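To start, the structure itself, in C-alpha cells.
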Amino acid sequence: MNDLTGKTAIVTGGAGGIGSATARAFAAAGAQVAVVDLDGEAAQAVADAIVADGGRALAIEADVSDEAAVTALVDRVQVELGGIDVLFNNAGIIRRTTATELDADTWDLVMAVNVRSIFLLCKYVVPVMAAAGGGSIVNTGSGWGLKGGGRALSYCASKGAVVNMTRALAIDHGPQGIRVNSINPGDVDTGMLPDEARQLGQDPAEFLAESVDRPLGRMGQPEEIAAAVVWLASDAASYVTGAALVADGGGIA
Ligand SMILES: NC(=O)c1ccc[n+]([C@@H]2O[C@H](COP(=O)([O-])OP(=O)(O)OC[C@H]3O[C@@H](n4cnc5c(N)ncnc54)[C@H](O)[C@@H]3O)[C@@H](O)[C@H]2O)c1
C-alpha cells in the first residue's frame, strides 16, 4: 500500500538529511522525484544517486522562500516530470536564541524559510493537484512545534505555525481531494544537530548524547522519518488529513 508508482513528488530541502532520505524512499516506492534545495550541487548528487539506482529524478537549485523561484520550479517540474502528486515541504533552518538574543532579521529569515515557503509551494502546487483530482502534501514540523523548546523562539514559533497551517490547508483543500499532514520529528541524526551545538557553543558529541534521553534510548535516523512520510504521502494513508504525526522515539509530544 505504501506505493507511489507513477507519481511525481517534490521534496524541498531535498539535499539535507531528512529530505535526501525521503527523496530516495519516494523513488524506491516508485515515484519520480524533484530534489529541490538551496544547495544545487548537493541536490544534484541526491538526484544522481536516485538515477544510479534506476529511478527518475531532477535536481533544482532554489530558495523556496522566494516567490519567483517557487513559481519557476513548479513550472519546471510540470514540464520535465509531468504533474505533481506529492509535495514534501521539508526545507528548514534553526537559530538557537531566546527572544532577547534574537534580532528581527533572523526572526524574518526563520519564518521565511520554515513557514512562508510552505505557503508559497502550496499556493502554486494546490491548483496543479486540484486539476488532476487530488494529491498529498506533507509538511515537516517538529516536536518543538507541539510543545516548545529552549533557546529556539523563532524555530518554535515557525514549527507551531507549520502544524496549524497544515490543519488549515487540510480543511480548505480536502474537498479537492488533497490531503495535508505534518510529520513532527524529535532529534534526528542530520547536519542540523551539530549546527545547533555550534550555535550554542556546546561540544557536538555532548549535545548529541543528550538526545538519547528518551524511551527508545537513541536519536532517530533520517530513514525512519522518511518511512513515515512515504506512508503519509501514499494511498495507505487515504483517510488521514490534518494530522500531526510525531516520530520522536517517545517523550516529546
Ligand atoms: N534533525 C532534526 O533533529 C529535526 C528535528 C525536527 C524537525 N526537523 C526538521 O526537518 C527538516 C529537515 O531538516 P534536517 O534535519 O534534514 O536538516 P538539514 O540541515 O540536513 O536539511 C535542511 C535542508 O534544507 C535546505 N534549505 C535551507 N534553507 C533553504 C531554502 N531557503 N530553500 C531551499 N532549501 C533550503 C538546506 O540546504 C538543507 O539541505 C527541517 O524542516 C527541520 O526543521 C529536524
Review point. Checking residue 91 against (1) within 10 Å of the ligand (Cβ to nearest atom); (2) among the hydrophobic types (A, V, I, L, M, F, W, C); (3) more than 15 Å from residue 11 (Cα to Cα); (4) in a loop (DSSP other than H, G, I, E, B), which single condition isn't satisfied?
Key: (3)
Revision key, fill the gap. Note on residue 205: of the conditions (1) surrounded by fewer than 19 Cβ atoms within 10 Å (Cβ to Cβ); (2) modelled with pLDDT of 95 or more; (3) more than 12 Å from the ligand (Cβ to nearest atom), unmet is (2)
Review point. Do we find that residue 105 is free of Cβ contacts under 8 Å to residues at least 12 places away in the same chain and away from the ligand (no atom under 16 Å from the Cβ) in this structure?
Key: no
Review point. Has segment 11-27 got at least one residue that is within 15 Å of the ligand (Cβ to nearest atom), in contact with a Ser or Thr (Cβ under 9 Å, 6 or more places away or on another chain) and on the phi > 0 side of the Ramachandran plot?
Key: yes
Check your understanding: Hey, among 82, 145, 92, 177, which residue is modelled with pLDDT of 95 or more, closer than 17 Å to residue 241 by Cβ and of a type outside the set (Val, Ile, Thr)?
Key -> 177
Review point. If you check every pair at least six apart or on different chains, which have Cβ atoms under 7 Å apart with a residue in segment 110-131 that is modelled with pLDDT of 95 or more first and a residue that is part of a helix (DSSP H, G or I) and away from the ligand (no atom under 16 Å from the Cβ) second?
Key: 122/169; 126/173; 128/78; 130/176
Practice item. Taking residue 62 as the residue in question, decide whether it is modelled with pLDDT of 95 or more and either closer than 22 Å to residue 1 by Cβ or among the aromatic types (Phe, Trp, Tyr) (or both). Key: no
Review point. Of all residues in segment 24-45 being of a type in the set (Asp, Glu) and farther than 12 Å from residue 10 by Cβ, which is surrounded by the most Cβ atoms within 10 Å (Cβ to Cβ)?
Key: 39
Point to revise | segment 54-68, residues that are within 10 Å of the ligand (Cβ to nearest atom) and either of a type in the set (Asp, Glu) or touching a strand residue (DSSP E or B) at 6+ places or on another chain (Cβ under 9 Å) (or both) | key: 60, 61, 62, 63, 64, 66
Check your understanding: Restricting segment 208-238 to residues that are among the acidic types (Asp, Glu) and over 26 Å from residue 2 (Cβ atoms), which is surrounded by the most Cβ atoms within 10 Å (Cβ to Cβ)?
Key -> 210
Check your understanding: If we scan segment 232-249, do we find a residue that is assigned to a helix (DSSP H, G or I), within 14 Å of the ligand (Cβ to nearest atom) and either at pLDDT below 95 or hydroxyl-bearing (Ser, Thr, Tyr) (or both)?
Key -> no
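The values are calculated or read from the model by the stated rules, or taken from the named source; none is laboratory data. These numbers come from a predicted model, not from an experiment. Methodologically, a virtual Cβ is constructed for each residue, glycine included, from the backbone with ideal geometry; neighbour enumeration extends over all protein chains shown.
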